[in-house]
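Notes follow the structure.
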Amino acid sequence: MPTTDAIVMLREGHKEIRRLIRSYRADRDPGVVAKFLRALTVYTYIEREGMYPRVSVLAPETELAIVFFREEHHIAEVLAAELQDMRPDEIAFDAKARLLMDIVERHMDAEDHMWFPQVRASVGRKELREIGAWMTKLAERAPQRPHRPDRQTAWDTVAA
């Protein structure tokens, strides 16, 4: 049975996204960009709607990092939506794809090396499994294509 530990699940998502980034950098295949955008869209959705809200309650000391990560998500979502609407032969397509991939890599590095260890130290295994189970359900209904994000999310209504 696959794990439902939220951190393990997100690290697996990182591996898949990194694989797609390496593949695109190797051959600049626009088909890889489409796969990358789909994986990124699902990943950011489950993280934003599942992991961040719950961890902010269970580990409030990570709140500043979560705010920063949510802003990175917003930037990535805007670029992803713009890239989704572009034709691969447009002059800015490759530049936008590479910029988005750089931003996403930086985000994943910060989570892997700073935030995940902090969360693991603060949040119990049971809670991480519960978050992971919720993220699994979220993944089933996650959008499959990038869209221009609305600045207000479910998190904003909870935090208000």
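The values are calculated or read from the model by the stated rules, or taken from the named source; none is laboratory data. Please read these numbers as outputs of a predicted model, since none were measured by experiment. Here the Cβ positions follow ideal geometry from the backbone for every residue, glycine too, while neighbour counts run over all protein chains shown.
Tabulated values for the structure
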read-out	value
Single unsatisfied condition, E77 versus (1) at pLDDT below 95; (2) under 11 Å from the mean Cα position of the chain (by Cα); (3) under 19 Å from W115 (Cα atoms)	(3)
Members of the range 7-65 that are under 21 Å from D102 (Cα atoms), of a type in the set (D, E) and either in a helix (DSSP H, G or I) or touching a Phe, Trp or Tyr at 6+ places or on another chain (Cβ under 7 Å) (or both)	E12, E16, D27, E47
Residues that are surrounded by fewer than 12 Cβ atoms within 10 Å (Cβ to Cβ) and over 14 Å from E61 (Cβ atoms), drawn from the range 115-130	G124, R125, K126
Close pairs from the range 7-25: first under 18 Å from Y45 (Cβ atoms), partner modelled with pLDDT under 95 and not in a helix (DSSP H, G or I), Cβ under 8 Å, at least 6 apart	M9/T3
